[in-house]
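Working notes for the structure below.
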Amino acid sequence: MAVNVRESRLGLFRDPDAVVNAVESLRKAGFRGTDVKVLTDTPYPEGAFGEETERHRLYVFPFVGAACGFSVGVLLTIATQIAYPIVTGGKPIQSIPPMIHVIYEGSMLGAILFTIMGILFESRLPDFGPTPYDRRISEGYLGVLVTKADGRADVAIVCSAKAGP
């Protein structure tokens with residue numbers, strides 16, 4: 001069964017071996033691995049159907065956030081001490097030990113906020129565009145979604161039909 005939403009095709013299968021055959025035949029037909037996704041309600045191991053693993057850059061977001069938070073913490077404490085110079089007992093106005101706590105908290109806040117934004121970005125959320133989906137996938141069927149068929153939708157349907165039982 002195929003569903004059309006903006007040059008995307010969704011094939012439904014009951015047998016996991018048929019999904020493996022469909023993914024292989026789609027690859028042989030020239031579809032890139034990033035354009036073929038397997039939809040299932042069962043937690044299969046990553047790559048169980050021969051699909052490519054999705055690369056992510058989530059590990060970069062906390063580091064960038066911590067660097068931004070560190071910079072804001074340093075600028076905030078230095079600007080505050082310069083704007084309100086209070087000399088206490090001959091101690092220097094720019095004192096590092098009191099700044100450490102603010103810099104640490106700024107770094108942690110930046111890392112946490114950027115991690116949350118990174119999760120949303122890498123998950124491509126929110127996605128308000130139409131995506132092919134069939135309720136039978138949540139009932140045990142396996143779906144093979146071909147995105148970016150770009151005029152080759154007929155090839156995707158034929159490859160999925162050859163793989164089916």
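The values are calculated or read from the model by the stated rules, or taken from the named source; none is laboratory data. Here the structure is a predicted model, which is why all the values come from computation and not from measurement. Every residue, glycine as well, gets a Cβ built from its backbone with ideal geometry; the counts of neighbours run over all protein chains shown.
Surrounded by 13 or more Cβ atoms within 10 Å (Cβ to Cβ), modelled with pLDDT of 90 or more and among the polar types (S, T, N, Q), is that true of Ser107? Judged against the criteria, Ser107 is a match. Among the residues of the stretch 25-42, not one is over 20 Å from Pro132 (Cα atoms) and either modelled with pLDDT of 90 or more or in the same structural domain as Gly118 (by TED's automatic domain parsing) (or both). Looking only at residues of the stretch 13-23 that are assigned to a helix (DSSP H, G or I) and surrounded by 14 or more Cβ atoms within 10 Å (Cβ to Cβ), we find that the one that is nearest to the chain's Cα centre (by Cα) is Val23. Can you pull out the residues in the stretch 50-73 that are exposed (fewer than 14 other Cβ atoms within 10 Å of the Cβ) and either acidic (Asp, Glu) or part of a loop (DSSP other than H, G, I, E, B) (or both)? Result: Thr53, Glu54, Arg55, His56, Arg57, Leu58, Tyr59.
The residue list Leu26, Leu39, Leu76 contains one member that is within 26 Å of Ile103 (Cβ to Cβ) and surrounded by 12 or more Cβ atoms within 10 Å (Cβ to Cβ), which is Leu76.
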